[in-house]
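Heads up: the structure comes next, in structure tokens.
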Amino acid sequence: MKILVLSPYTTGQKYKLDNLLRGEDCGPPEHLERRIKELCGYNAEGWYHEDRDYSAPAGEMFTGPLNTQLRAGLKQIREHAQYGETTLDLYFPWYFCRVDGKKSPVNEADVIVPFDTAPLHELEVLEFGESGIPERTVDLIERYDLAFSLLRPDDILSLQRVFEVERATPLIFLLAKSHKHVVNEELPNLHVVETGRALQKSLRTTNWALKGVVLRRLCEAACRDGFDVFEQVKQDPQRLLEIVRR
């Protein structure tokens, strides 16, 4: 089974800088390219300085509690002897911080530069036929047998066209009860597993880390009880809560 995890970007990043990539840098392509090169350690003359290179793989860039917990779970399951027939891939939806300039969702191994995540909250609904991001995200999801979304409500609203199409891949959103309205649960193969204070308390974690903890504990359950737990969740998404509470 191939499993996809869609994770949000977070403010906690590997490098603490005053000159983060910002929303205003994403205008003219030449300016964006120049700013990314600067954050990769190159000066105006094209000379490279290692001590000014703030680029890193996306999977290592984010140091907040959600990503820390998620990475711990992915590390554990990827080191398990059964890992291979079942695989988990981590992607982030937004591309403008990519060093390679590609306009597609960011894999954890893709190199990015640190950036201000605030403008993501201001994104309008991305329509098909414009940026190409909805189309590429739909294509990405369809390459998997099961997908989990840890995305924030703002991310989901901006990408809502992606989640409105009918799909063969079951897509499970982890959302608090107050945020469930951002997803149309009437659509086939789209499911919401409700998080919130009760789950947070039972797992003894914080609200900021909760979604990461859920995925970490699912990975732990697979390592402990067998990888068929993923098939169980695929068949009945609400079983996820039972599995992670064991």
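Arg217: open to solvent by 10 Å² or more (accessible area, probe 1.4 Å), part of a helix (DSSP H, G or I) and more than 16 Å from Ile141 (Cβ to Cβ), yes or no?
yes
Which one of Pro8, Pro29 is under 15 Å from the mean Cα position of the chain (by Cα), under 30 Å from Gly129 (Cα atoms) and at pLDDT below 95?
Every option except Pro8 fails the conditions.
Ala209 - would you say it is open to solvent by less than 10 Å² (accessible area, probe 1.4 Å), closer than 21 Å to Leu66 by Cα and at pLDDT below 95?
It is true that Ala209 is open to solvent by less than 10 Å² (accessible area, probe 1.4 Å), closer than 21 Å to Leu66 by Cα and at pLDDT below 95.
Would you point out the residue of the range 145-196, among those that are among the β-branched types (Val, Ile, Thr) and within 19 Å of Val106 (Cα to Cα), that is surrounded by the fewest Cβ atoms within 10 Å (Cβ to Cβ)?
Only one residue fits best here, namely Ile156.
The values are calculated or read from the model by the stated rules, or taken from the named source; none is laboratory data. Since the model is a prediction, treat every value here as computed from it, not as a measurement. In this analysis, Cβ positions are derived from the backbone assuming ideal geometry, glycine residues included, and neighbour counts consider all displayed protein chains. Calculation scope for accessible area: heavy atoms of the full protein, side chains included, ligands and nucleic acids excluded. Shrake-Rupley method; radii C 1.70, N 1.55, O 1.52, S 1.80 Å.
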